[in-house]
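Contents: one structure, followed by commentary.
The values are calculated or read from the model by the stated rules, or taken from the named source; none is laboratory data. The structure displayed is predicted, hence computed values, not measured ones. We place every Cβ from the backbone using ideal geometry, glycine too, and count neighbours over all the protein chains shown. For the accessible areas, the whole protein counts, side chains as well, though only heavy atoms, and no ligand, DNA or RNA atoms are used. Shrake-Rupley method; radii C 1.70, N 1.55, O 1.52, S 1.80 Å.
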Amino acid sequence: MINFSSKNIFFYVIILITVFIADYSKASKEIKIIKKIDGEIITNIDISKEYKYLIALNNDLKNIEKEEAFKIAEDSLVREKVKANEIKKFFNMNDLSKDNLNKDLVKKIVKNFYQKLGIPDIQSFKLYLKEFDMSLSEVEEKIRIEILWNQLIGAKFTNQIDINLNELKRKIQEEKLNVNNSIEYDLSEIVFQASDQTELELKVNEIISNIKTNGFSTTANKFSASSTSQFGGKIGKVKESQLSKKIKEELNTITDGQYTQPIKVANGFLILLINSKKIVNYQLNEKDVLAEMIEFEKNKQYERFSQIYFNKIKLNALINE
């Protein structure tokens with residue numbers, strides 16, 4: 001029998017404390033601050049978690065080098081932190097977390113998330129997230145940040161949204177967009193900016209090279225400035241009536257699985273991939289077609305203002321390596 005004298009107990013306590021301190025010290029050394037954004041830190045642990053989140057949304061990221069994938073995750077976190085810091089200047093986050101309207105919208109977007117991934121229901125989505133050490137609440141928090149960001153952009157730029165109703169009505173009549181046998185595309189996108197022709201050529205070469213090496217979805221994760229980037233650039237189904245003449249002309253030159261040359265758009269440049277296209281038979285009146293076109297045009301303009309505003313506040317943010 002071991003005799004636990006006071007000296008022995010003291011001795012064992014000292015050993016336990018020493019082991020605990022050693023383990024804690026080791027764990028502490030593994031946590032590294034990678035960036036500070038206006039006082040908010042991003043650690044290597046945060047980046048690792050973001051990597052898992054992005055992998056969950058786009059499995060193709062698993063096919064590239066871990067170092068490159070972690071850089072994509074780091075850039076994703078920087079965007080989120082910059083947006084979150086700006087949001088806090090205008091909204092009380094705690095009050096908004098109780099907002100039923102936001103809760104309903106979060107649920108709708110979560111459903112859109114798992115449907116894009118081919119997951120049938122919310123319970124299956126929760127199980128899927130567990131595979132990546134993610135919880136539904138963590139995903140919902142990310143969605144809330146995007147919702148609040150979009151509300152901020154809406155509040156700031158609503159008066160600058162310019163919809164030419166006469167032009168849209170003319171387009172419906174001339175192109176007979178409210179008749180049967182219209183094309184419906186399933187599209188993915190890469191949106192990027194370039195300040196001059198030299199930068200444009202360099203970026204295009206880099207993007208095309210990356211597409212050939214890693215595929216379109218991974219390249220969208222890395223290069224696209226659009227909010228669709230986290231899903232590998234996937235836009236989803238788009239009716240021909242919603243597209244500009246220039247974009248339709250470019251899409252008419254390619255087929256399923258191919259992508260366009262860079263297209264100049266209001267917020268920079270756009271490369272589109274046709275995942276699939278089909279002829280759909282539907283009969284809509286002019287009013288319904290016009291409503292769809294207006295909504296699509298508004299979203300395009302809001303996306304452009306979002307990118308402009310984000311670039312501005314990121315430029316003014318204090319980002320330390």
Quiz item: Restricting attention to region 278-296, and to residues there that are of a type outside the set (F, W, Y) and open to solvent by less than 50 Å² (accessible area, probe 1.4 Å), which single residue is modelled with the lowest pLDDT?
Solution: L284
Quiz item: Which residue out of K300, K287, K278, K314 is of a type in the set (D, E, K, R) and in a strand (DSSP E or B)?
Solution: K278
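Matching residues to (1) of a type in the set (A, V, I, L, M); (2) part of a loop (DSSP other than H, G, I, E, B); (3) open to solvent by 30 Å² or more (accessible area, probe 1.4 Å); (4) in contact (Cβ under 8 Å) with a residue 24 or more places away in the chain:
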residue: T158; (1), (2), (3), (4): no, no, yes, no
residue: N210; (1), (2), (3), (4): no, no, no, no
residue: N221; (1), (2), (3), (4): no, no, no, yes
residue: G236; (1), (2), (3), (4): no, no, no, yes
Practice problem: Return yes or no: is E240 surrounded by 15 or more Cβ atoms within 10 Å (Cβ to Cβ) and either touching a residue at least 12 places away in the same chain (Cβ under 8 Å) or touching a Leu at 6+ places or on another chain (Cβ under 6 Å) (or both)? | Solution: yes
Quiz item: Mind checking which residues of region 182-200 are crowded, with 19+ Cβ neighbours inside 10 Å and among the β-branched types (V, I, T)?
Solution: I190, V191
Practice problem: Check K71, K98, K83, K62 and return the single one that is basic (K, R), assigned to a helix (DSSP H, G or I), closer than 22 Å to E138 by Cβ and modelled with pLDDT under 90. | Solution: K62
Exercise. Check region 266-277 and report whether any residue there is over 20 Å from the mean Cα position of the chain (by Cα) and open to solvent by 40 Å² or more (accessible area, probe 1.4 Å).
Key: yes
Quiz item: Going by the structure shown, is G215 under 26 Å from the mean Cα position of the chain (by Cα) and at positive phi?
Solution: yes
Exercise. May I ask you to say which residue of K103, K126, K111, K142 is farther than 21 Å from G232 by Cβ, basic (K, R) and modelled with pLDDT of 90 or more?
Key: K126
